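Step one of this worksheet: look at the structure below.
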Amino acid sequence: MGQAIAFYTLAAFILGFAVLVVSTKDTVHSVLFLVLDFLFVAALYVLLGAPFLGVIQVLVYAGGIVVLYLFVVMLVNLKRPPEAHQDSNRRSRLGFFLAGAVLLELAGIAFYGYAIPAAPVVQSVPLPVSGNTEQVGWMLYTSYLIPFEIASMLLLVAMIGAIILAKREL
């Protein structure tokens, strides 16, 4: 009963701070509400028995990502009026076509997931490690090594792109 009360209390705080993030006019206050939201999500992870995810939530999201958001808010001058001219290089039709293609792909994935029954779950071989953190590390560097490396390469490309775009503005 106590866990249910704690869960619903944390969920109410998470939803409340999420509404404040999108409804606040001041961007710095919005980022601060986002920090509080991430901290309550980390507390929810700990309550649900995943302390490793809670620590990662605090370190990566509440620490790193929000600092990145604050740098973007400080670098971008939000007080200036919107530009009066239209960008001649904008390709709206291509953007709409790609958005439609992504939506069709998501619809296909949803249809495939509901129309075709899932394969039966087979019992997996027990891992040679014990503990939550050790199991996550073992799975990350054995079964999920290629997706992990692809994600790291995508993050590297995004970081280089952000540096190039920021350098062009400065």
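Read-outs: derived from the displayed coordinates by stated rules, not from any lab. Just so it is clear, the model here is predicted, and its values are computed rather than measured. Don't worry about glycine lacking a Cβ; one is built from the backbone with ideal geometry, like all the others, and counts go over all protein chains shown.
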With label points built 7 Å along Cα→Cβ from the Cα atoms of Ser30 and Ile109, find their separation and express it in nm.
-> 2.6 nm
List the DSSP H helices in the chain whose Cα atoms stretch 27 Å or more along the helix axis and whose mean Kyte-Doolittle hydropathy is at least 0.5.
-> 2-23, 27-47, 92-115, 145-169
Calculated [θ] (222 nm, deg cm²/dmol) that DSSP helices of n ≥ 4 give over the chain, each run adding -39,500 (n - 2.57) | -23000 deg cm²/dmol
Ratio of Rg to Rh over region 1-77 (Cα coordinates, Kirkwood Rh, two decimals) | 1.05
Could you grab the relative contact order for the chain? Cα pairs under 8 Å, six or more apart, rounded to a whole percent.
-> 14 percent
What translational D, rounded to a whole number of µm²/s, comes out for the chain from Stokes-Einstein when the hydrodynamic radius is the Kirkwood one over Cα pairs, at 25 °C and 0.890 mPa s?
-> 118 µm²/s
Two pseudo-spin positions, 7 Å from Cα along C-beta at Ser92 and at Tyr141, lie apart in nanometres by 5.2 nm
